[in-house]
Amino acid sequence: MDTLKGQFLVATPDIGDERFAEAVIYLVAHGDDGAMGLVVNQPMDDLNLSDILAEIDLDDEEDAIRIPERLLRQSVFKGGPVDASRGFVLHTSDYFRDGNSFAVDGEVCLTATLDVLRAMMSGNGPDASLLALGYCEWTAGQLEDELRTNGWLTAASSKELLFSLPASKKYEAALAALGVTRATLSPVAGNA
């Protein structure tokens, strides 16, 4: 099986699930057993990294002074409908901890432990990161079925799209990478 790990899934009008309307999902894992990914373009309303740090008691007064303002304002994303209380940090590969970080590809890693947040607070974290609560999961063959029924398009990985673009621009950018626009994206499925 060819893996889609490290690529984007881009929702089409045929997705059939309102939770994924215009979603861009970064696939962290994909194989014979299924797939796992994080929605990277749906920020949570009124929730920033500073709120998460306060909630898990990592931002004592001494640390709060050192946290870069850009991190405090960083959005938290709806990673997906599965286990929305669980946090995941997608980040550049300059931060990697054996046993805690998972290398998705040569440029992007995933860490789901508090050590990455502590490192970010102290200025020793990754150059770029994205925090998501929850994740998307597909059982064996499920994602392939959704691809066959035109629910998703696939796009190559892009650090700029993942970490630099505002959430509101990621869907259009993912479509543009495929040579498609919202206007030319047909709501009628077909196979060639």
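Here is how the numbers come out for the structure above:
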quantity: Looking only at the stretch 36-51, and only at residues there that are open to solvent by 30 Å² or more (accessible area, probe 1.4 Å) and touching a residue at least 24 places away in the same chain (Cβ under 8 Å), the one that is nearest to Val24 (Cα to Cα); calculated: Gln42
quantity: Residue match in the stretch 138-152 (condition: among the hydrophobic types (A, V, I, L, M, F, W, C), touching an Asp or Glu at 6+ places or on another chain (Cβ under 7 Å) and open to solvent by 40 Å² or more (accessible area, probe 1.4 Å)); calculated: yes
quantity: Hits in the stretch 108-145 (condition: within 20 Å of Gly31 (Cα to Cα) and not in a strand (DSSP E or B)); calculated: Ala140, Gly141, Gln142, Leu143, Glu144, Asp145
quantity: Selection status of Phe102, surrounded by 18 or more Cβ atoms within 10 Å (Cβ to Cβ) and touching a residue at least 40 places away in the same chain (Cβ under 8 Å); calculated: no
quantity: Boolean, Gly190 is open to solvent by less than 70 Å² (accessible area, probe 1.4 Å) and at pLDDT below 95; calculated: yes
quantity: Residues of the stretch 72-99 satisfying the condition of being small (Gly, Ala, Ser) and touching a Phe, Trp or Tyr at 6+ places or on another chain (Cβ under 6 Å); calculated: Gly79, Gly80
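The values are calculated or read from the model by the stated rules, or taken from the named source; none is laboratory data. Keep in mind the model is a prediction, meaning the values are calculated, not measured. So basically every Cβ, Gly included, is an ideal-geometry build from the backbone, and we count neighbours across all protein chains shown. Surface accessibility is based on the protein's heavy atoms, side chains included, excluding ligands, DNA and RNA. Shrake-Rupley method; radii C 1.70, N 1.55, O 1.52, S 1.80 Å.
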